[in-house]
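Participant: Sharing a structure here in structure tokens format.
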Amino acid sequence: MAKPAPAEEDAAALRRRLRRSLAAVAAGGAAADVYDEAAAALEALREAELGTGGRKRGGGGEGRRPAAEEGEEKDAVPVPPQFLCPISSRVMSDPVIVASGQTYDRRSIEEWFSAGNQLCPQTQQALLDTTLIPNHLVRSMILQWCTENRFDLPPVENQVETNVTNSDQKTFDEIFKKIASSTKSTEMRQAIKDLRLITKQNSDFRAVLGERPDSISRMIFSQSNPGLQNDPQVLEDMVTVILNFSLHDSNKKVIGDDPEAIPFLIWALKSGDMGSRGNSAAAIFTLSALDSNKEKIGELGAMGPLIDLLDNGNIIAKKDAASAIFNLCLLHENKSRATKNGIVDVAMRAMDDQLLVDGSLAILALLSSNHEVVEMITEFNGAACMLRAIRESECSRSKENAVVVLFAICMFNRMKLMEVDADEKINGSLALLAQSGTSRARRKAVGILEKMKRNMHNRHMSC
């Protein structure tokens, strides 16, 4: 029996809500409330269409659904576009996030990079860092949708299984024997340098760490040798070894569980030269792909040194610090740590100096759901700063992040809303963004414009 019209309308509304939320999640940089909205919409839609324990029958078509039963093709459910890889146009079995914030299927984006491409396929942004971060939320949503719609998702290629050879294991053991057991500082120094080189060049070699999880601690303890203690090059080599090992997905937990590794990186972040500090920030960024590591890194005090590096580092180190801070702030507890350590002050000054505008905007947008943060941004003339970014930035993601912050300012501060209204009458920035921005940017721009309209109406009514 067909569902009554009101239920059909409710389900359609839920699907629209889910599509809007997923688009914001897939675009990257979404606030926590967007994730909550996506999860709530998905659960409500599941209940509305399937009922408790129910299952909607899927249809045929590409994407590997099982063979359709007789009469089932008419009920085929289209794949939500947010679940399709922008490169292959297939459902993502292993969605990952690149440095631009876009999500792709791992296999497709790895082939893209292997072909020599250094630009994000979607944004055309130059990607100096090709680290891939698993998008666990989108992956879980895809899995739930596939289960409910009888859609056979291709299995994720096992990232742990690698072509580790006996030769790799033998080389690993020989190097660490020199590092941990040699009495000659010159031999130890050279072994650490060799380890840095081989972990950079041989991705399969990195997997050996999983079989010898105490190796990082052994390397760190070797620094107590008098000939190595005050050698800045040894410190940089050690930090870079940890960074190289952390690029292998299965090593992120191994390194995070090592009681010496994260404290050592934070110490290097405070005490090393610029090369050591920048590579330490990069290692923290890759390790923070795991929520368990985000928590440890935040608790052990990395946020302050990272913000100091963002403020005072060279441009490469600043970028690594900004990436690490953003990743860490995806965990709620780290947002307050960043705020207490002065991230708003540093990010706003970076924007004023036209340094790392994109990274600063991404961090501020992530924090803008907090009223205290919004007040701090406002004190730094945040409304005018965000309007300038909307007008001048060539990056659609930065325009989006700027309008997210501006939306929060306008919701909290009526006087700033009036300032934005005056600017809009001159420049029309929000009206343009409402037509040409990303889906999230359009929603925020429309929200501000509607609030300005209501505010004007209320003023007229009170006259």
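The values are calculated or read from the model by the stated rules, or taken from the named source; none is laboratory data. Everything quoted here is computed from the prediction, not taken from an experiment. Cβ placement follows ideal geometry from the backbone for every residue including glycine, while neighbour counts extend to all protein chains displayed. Side chains included, ligands, DNA and RNA excluded: accessible areas come from the protein's heavy atoms. Shrake-Rupley method; radii C 1.70, N 1.55, O 1.52, S 1.80 Å.
Participant: Just wondering, is there one or more residues in the range 336-354 that are assigned to a helix (DSSP H, G or I), of a type in the set (Val, Ile, Thr) and modelled with pLDDT under 95?
Facilitator: Taking the range 336-354 and keeping what is assigned to a helix (DSSP H, G or I), we get 336-340, 343-352.
Checking the rest, the ones that are also of a type in the set (Val, Ile, Thr) come to 339, 343-344, 346.
From the residues that got through so far, the ones that are modelled with pLDDT under 95 too are none.
Checking the range 336-354: not a single residue is assigned to a helix (DSSP H, G or I), of a type in the set (Val, Ile, Thr) and modelled with pLDDT under 95.
Participant: So the check is Cβ under 7 Å with 6+ separation or different chains; which pairs have a first residue in the range 140-152 that's under 18 Å from Ala40 (Cβ atoms) and open to solvent by 20 Å² or more (accessible area, probe 1.4 Å) and a second one that's among the charged types (D, E, K, R) and outside any helix (DSSP H, G or I)?
Facilitator: Glu148/Arg55; Glu148/Lys56
Participant: Could you check the range 179-201 and list, in sequence order, the residues that are open to solvent by 30 Å² or more (accessible area, probe 1.4 Å), over 28 Å from the mean Cα position of the chain (by Cα) and not β-branched (Val, Ile, Thr)?
Facilitator: Matches in the range 179-201: Ala180, Ser181, Lys184, Ser185, Glu187, Arg189, Gln190, Lys193, Asp194.
Participant: For the structure I just gave you, tell me whether Lys318 is open to solvent by less than 50 Å² (accessible area, probe 1.4 Å), of a type in the set (D, E, K, R) and either under 30 Å from Ala383 (Cα atoms) or modelled with pLDDT of 95 or more (or both). Steps first, answer last, please.
Facilitator: On the way: open to solvent by less than 50 Å² (accessible area, probe 1.4 Å): yes; of a type in the set (D, E, K, R): yes; either under 30 Å from Ala383 (Cα atoms) or modelled with pLDDT of 95 or more (or both): yes.
Considered against the rule, which asks whether it is open to solvent by less than 50 Å² (accessible area, probe 1.4 Å), of a type in the set (D, E, K, R) and either under 30 Å from Ala383 (Cα atoms) or modelled with pLDDT of 95 or more (or both), Lys318 comes out as yes.
Participant: For Val357, work out the one condition from (1) within 20 Å of Asn413 (Cβ to Cβ); (2) touching a helix residue (DSSP H, G or I) at 6+ places or on another chain (Cβ under 6 Å) it doesn't fulfil.
Facilitator: With respect to (1) within 20 Å of Asn413 (Cβ to Cβ); (2) touching a helix residue (DSSP H, G or I) at 6+ places or on another chain (Cβ under 6 Å), Val357 is out only on (1).
Residue-wise test of (1) farther than 17 Å from Ile192 by Cα; (2) open to solvent by 10 Å² or more (accessible area, probe 1.4 Å); (3) more than 22 Å from the chain's Cα centre (by Cα).
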site	(1), (2), (3)
Ile220	no, yes, yes
Gly227	no, yes, yes
Leu235	no, yes, yes
Ser246	no, no, no
Ile262	yes, no, no
Lys270	yes, yes, yes
Gly275	no, yes, yes
Ile297	yes, no, no
Leu306	yes, no, no
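Participant: Which of the residues that make up the range 425-456 are open to solvent by 20 Å² or more (accessible area, probe 1.4 Å), free of Cβ contacts under 8 Å to residues at least 60 places away in the same chain, closer than 11 Å to Lys399 by Cα and of a type in the set (S, T, N, Q)?
Facilitator: Answer for the range 425-456, where residues must be open to solvent by 20 Å² or more (accessible area, probe 1.4 Å), free of Cβ contacts under 8 Å to residues at least 60 places away in the same chain, closer than 11 Å to Lys399 by Cα and of a type in the set (S, T, N, Q): just Ser436.
Participant: Which count do you get for residues in the range 355-394 that are farther than 20 Å from Asn314 by Cβ, open to solvent by 60 Å² or more (accessible area, probe 1.4 Å) and either modelled with pLDDT of 95 or more or part of a helix (DSSP H, G or I) (or both)?
Facilitator: Residues that pass the stated criteria total 7.
Participant: Out of the residues in the range 331-344 that are open to solvent by 10 Å² or more (accessible area, probe 1.4 Å) and either touching a residue at least 60 places away in the same chain (Cβ under 8 Å) or touching a Lys or Arg at 6+ places or on another chain (Cβ under 7 Å) (or both), which is farthest from Val96 (Cα to Cα)? Give the derivation first.
Facilitator: Residues of the range 331-344 that are open to solvent by 10 Å² or more (accessible area, probe 1.4 Å), as a first pass: 331-333, 335-337, 339-342.
Subsequent filtering for residues that are either touching a residue at least 60 places away in the same chain (Cβ under 8 Å) or touching a Lys or Arg at 6+ places or on another chain (Cβ under 7 Å) (or both) retains 331-332.
Working: Leu331: 18, His332: 21 Å.
The qualifying residue farthest from Val96 (Cα to Cα) is His332.
Participant: Please indicate, with yes or no, whether at least one residue in the range 352-362 is over 22 Å from Phe407 (Cα atoms), of a type outside the set (D, E, K, R) and in contact (Cβ under 8 Å) with a residue 12 or more places away in the chain.
Facilitator: Yes: one or more hits.
Participant: Of everything in the range 75-114, what is outside any loop (DSSP other than H, G, I, E, B) and over 18 Å from the mean Cα position of the chain (by Cα)? Give them in sequence order. Walk me through how you get there before you give the answer.
Facilitator: Pass one, the range 75-114, residues outside any loop (DSSP other than H, G, I, E, B): 75, 81-84, 91, 95-97, 103-114.
Answer for the range 75-114, where residues must be outside any loop (DSSP other than H, G, I, E, B) and over 18 Å from the mean Cα position of the chain (by Cα): Asp75, Pro81, Leu84, Val91, Arg107, Ser108, Glu111, Trp112, Phe113, Ser114.
Participant: For the range 291-330, give me each residue that is more than 23 Å from Val98 (Cα to Cα) and in a helix (DSSP H, G or I).
Facilitator: Correct list: Lys296, Glu299, Gly304, Pro305, Asp308, Asp311, Asn312.
Participant: From the list Asp231, Asp204, Asp257, which one is in contact with a Pro (Cβ under 8 Å, 6 or more places away or on another chain), in contact (Cβ under 8 Å) with a residue 24 or more places away in the chain and surrounded by fewer than 20 Cβ atoms within 10 Å (Cβ to Cβ)? Working first, answer last.
Facilitator: Working: Asp231 fails: in contact with a Pro (Cβ under 8 Å, 6 or more places away or on another chain); Asp204 fails: in contact with a Pro (Cβ under 8 Å, 6 or more places away or on another chain).
Unique residue meeting the criteria: Asp257.
Participant: Can you find, within the range 277-295, the residue that is surrounded by the fewest Cβ atoms within 10 Å (Cβ to Cβ) among those that are under 18 Å from His332 (Cβ atoms) and among the charged types (D, E, K, R)?
Facilitator: Checking each candidate, the answer is Asp291.
Participant: Could you check the range 207-216 and list, in sequence order, the residues that are closer than 18 Å to Asn166 by Cβ and surrounded by 16 or more Cβ atoms within 10 Å (Cβ to Cβ)?
Facilitator: Kept after step one, since they are closer than 18 Å to Asn166 by Cβ, are these residues of the range 207-216: 207-212, 215.
Across the range 207-216, the qualifying residues are Ala207, Val208, Leu209, Gly210, Ser215.
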